[in-house]
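Here the structure is laid out as structure tokens; the discussion comes afterwards.
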2 protein chains.
Amino acid sequence: MSEAHASTLGIIGMGLMGNAVMKMTGAERGWDVDAARCVNAVTAVDVFESCDVVFLCLPNSDVVRDVLEDAKLKLGQIIIDTTTGDPREMAALGAELGMRGVHYLDATVSGSSAQLLQRDVLVMVGGDVAVFEQCREWFAYFAREMVHVGPCGSGAKMKLVTNLVLGLNRAALAEGIAFAQEMELDLAQTLDVMRRSMAYSRIMDTKGEKMITQDFTPQAKLSQHLKDVRLMLSASSIPLPLSEAHRELLEKAEELGYGDADNSAVIQAILKP
Amino acid sequence: MSEAHASTLGIIGMGLMGNAVMKMTGAERGWDVDAARCVNAVTAVDVFESCDVVFLCLPNSDVVRDVLEDAKLKLGQIIIDTTTGDPREMAALGAELGMRGVHYLDATVSGSSAQLLQRDVLVMVGGDVAVFEQCREWFAYFAREMVHVGPCGSGAKMKLVTNLVLGLNRAALAEGIAFAQEMELDLAQTLDVMRRSMAYSRIMDTKGEKMITQDFTPQAKLSQHLKDVRLMLSASSIPLPLSEAHRELLEKAEELGYGDADNSAVIQAILKP
């Protein structure tokens, strides 16, 4: 029996991502603030006490810290944090847990919970490289690829960088489509031409049609991306002028009432200036 | 013998693009302000007088207008304008030439002259659809794909839209790499991760490495893209906030001395704020 199969797995945070991780890994216990979502656990303490490896699938670094403060962690236990959080917080957490003999990896996920269920996400991991190697087998349950990107906090950094570029590509697409609409070009043809040109970006495949048909049914919420953009700006030691303009656009879209809409609704802030 | 082969082709403007079009089409005459570049022509008039189809490969709409003012055009002659120009100018030119019995297509090219020589560009054509159909055979000499996008001026509009998105994707990549550098991530790995993630854009394939190694040997000049961005902003009836921020970045890069450098040098304006 492999090391991975001999270990017991638990999950803290049973939202879309936590649920998907449980399905793919066959984790034995899962806890959530919503009791209806709990699996073989009444409290978070139950999970930390009985599992060797604990995945955290939580909304932000503050919640992560709250949960870990109450936990009785065990020597040699492995905490794998998939939260998109503040890199500085995650580096600090890794150092603190290290002092208590606990291994901490910040393992951010590029891809949605739906893609995770198809074993089609990329995992970007910060932390001790030996621990990363030890965890490969667990990541392999749900990841197409996994890459070690540096010490604790690096997974979070890489997630912010990829998210910055992804979000700006989405906003660029929105500005292009809005411009095309103002110039009375055929929008479906415009999207088709762009996908076949050097202007192509992968986000066109998932958001282009939504922008053109104004179908803002949420796949990922606009306010969530605004939160991430604010995190990028606060984490950066240099000005990020495009992300500043992007933040203003997202705030405008929120004011227009699109906070809970899909993040493709950023186009509304350009069409209704 | 096909209609295309029976026609005589000429070219006005024998720079990189005009030269490439001549090589691929086997055009018989080419004229340029630089006499050393002329082929079987001493003046532009020679080309217009002896050719049924004339490609214009010129720097902007003003030069196009100057050249056409001096030309003696023939009834039924076809002018194919590949210049990235002002859509309103090109629509007006098409109408004026139409009154004189001359066919005008604005046929913008997505791709470089090097790609044109590999028959790997996309041509976006505005103008009369019957004339477009008649010209398919000539475009096929150098284009992977050709698409009719609307009345005169539409080729120029589509070029501006694709260029807007392409340029913003490039600037987004620059901001992401600059952010990664500030956070001390491994840059080659960051580019590799982004290319395999949802953040992927096609411009990463050509500009990512140049930004990381700071190799700004020009493939296309930064000042040229700044000129295009100004054209977008002036052609738009709505504010384009990301392109406004982009214009400021490009102006900053120009001030830093990167006007004649490759447009990937936009990263310098973010790294040296």
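Structure summary
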{"read-out": "Considering residues of region B:144-155 that are closer than 16 Å to A:Leu191 by Cα and either part of a helix (DSSP H, G or I) or charged (D, E, K, R) (or both) only, the residue most open to solvent (accessible area, probe 1.4 Å)", "value": "B:Glu145"}
{"read-out": "Neighbours by Cβ (under 9 Å, 6+ apart or cross-chain): first from region B:248-273, closer than 15 Å to B:Gln214 by Cα and at pLDDT below 95; second open to solvent by 10 Å² or more (accessible area, probe 1.4 Å) and assigned to a helix (DSSP H, G or I)", "value": "B:Lys272/B:Lys252"}
{"read-out": "Test set (1) within 10 Å of chain B (Cβ to nearest Cβ); (2) assigned to a helix (DSSP H, G or I); (3) among the small types (Gly, Ala, Ser); (4) open to solvent by less than 10 Å² (accessible area, probe 1.4 Å) - A:Ala245 fails condition number", "value": "(4)"}
{"read-out": "Condition broken by B:Lys74, with the remaining ones in (1) within 22 Å of the chain's Cα centre (by Cα); (2) surrounded by fewer than 24 Cβ atoms within 10 Å (Cβ to Cβ); (3) assigned to a loop (DSSP other than H, G, I, E, B) satisfied", "value": "(1)"}
{"read-out": "Count - residues of region B:10-67 that are free of Cβ contacts under 8 Å to residues at least 24 places away in the same chain, open to solvent by 70 Å² or more (accessible area, probe 1.4 Å) and under 20 Å from B:Leu116 (Cα atoms)", "value": "3"}
{"read-out": "Pair list, Cβ < 8 Å and 6+ apart or interchain, from region A:166-183 residues that are among the polar types (S, T, N, Q) to residues that are in a helix (DSSP H, G or I) and surrounded by fewer than 24 Cβ atoms within 10 Å (Cβ to Cβ)", "value": "A:Gln181/A:Leu187; A:Gln181/A:Leu271"}
{"read-out": "Of the criteria (1) in a helix (DSSP H, G or I); (2) in contact with a Leu (Cβ under 6 Å, 6 or more places away or on another chain), which one A:Thr83 fails", "value": "(1)"}
{"read-out": "Any chance B:Ser264 is in contact with a helix residue (DSSP H, G or I) (Cβ under 9 Å, 6 or more places away or on another chain), within 30 Å of A:Gly153 (Cβ to Cβ), more than 7 Å from chain A (Cβ to nearest Cβ) and of a type in the set (Ser, Thr, Tyr)", "value": "yes"}
{"read-out": "Checking A:Phe179 against (1) under 25 Å from B:Gly126 (Cα atoms); (2) touching a strand residue (DSSP E or B) at 6+ places or on another chain (Cβ under 7 Å), the condition it does not meet", "value": "(2)"}
{"read-out": "B:Glu209 vs. criteria open to solvent by 70 Å² or more (accessible area, probe 1.4 Å), among the acidic types (Asp, Glu) and part of a helix (DSSP H, G or I)", "value": "yes"}
{"read-out": "Unmet requirement for A:Ile203, which otherwise passes all of (1) among the β-branched types (Val, Ile, Thr); (2) over 30 Å from B:Leu122 (Cβ atoms); (3) touching a helix residue (DSSP H, G or I) at 6+ places or on another chain (Cβ under 7 Å)", "value": "(2)"}
{"read-out": "Matching entry among B:Ile238, B:Ile203 (being closer than 19 Å to A:Leu242 by Cα, surrounded by fewer than 17 Cβ atoms within 10 Å (Cβ to Cβ) and within 12 Å of chain A (Cβ to nearest Cβ))", "value": "B:Ile238"}
{"read-out": "Counted residues, region B:171-190 - those being assigned to a helix (DSSP H, G or I) and either at pLDDT below 95 or open to solvent by 10 Å² or more (accessible area, probe 1.4 Å) (or both)", "value": "5"}
{"read-out": "Every residue from region A:218-235 that is in contact with a helix residue (DSSP H, G or I) (Cβ under 8 Å, 6 or more places away or on another chain) and either hydroxyl-bearing (Ser, Thr, Tyr) or within 12 Å of chain B (Cβ to nearest Cβ) (or both)", "value": "A:Gln219, A:Ala220, A:Ser223, A:Val229, A:Leu231, A:Met232, A:Leu233, A:Ala235"}
{"read-out": "Residue under evaluation B:Gly111, criteria (1) at negative phi; (2) modelled with pLDDT under 95, criterion not met", "value": "(1)"}
{"read-out": "Residue count, region A:117-161 (criterion: facing another protein chain (nearest Cβ under 7 Å), in contact with a strand residue (DSSP E or B) (Cβ under 6 Å, 6 or more places away or on another chain) and under 30 Å from A:Met211 (Cβ atoms))", "value": "4"}
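The values are calculated or read from the model by the stated rules, or taken from the named source; none is laboratory data. If you're wondering where the values come from, they're calculated on a predicted model, not measured in any experiment. For neighbour counting, all protein chains shown are included, and Cβ atoms are generated from backbone atoms with ideal geometry for every residue, glycine included. Please note that ligands, DNA and RNA were not included when accessible areas were found on the heavy atoms of the full protein model with its side chains. Shrake-Rupley method; radii C 1.70, N 1.55, O 1.52, S 1.80 Å.
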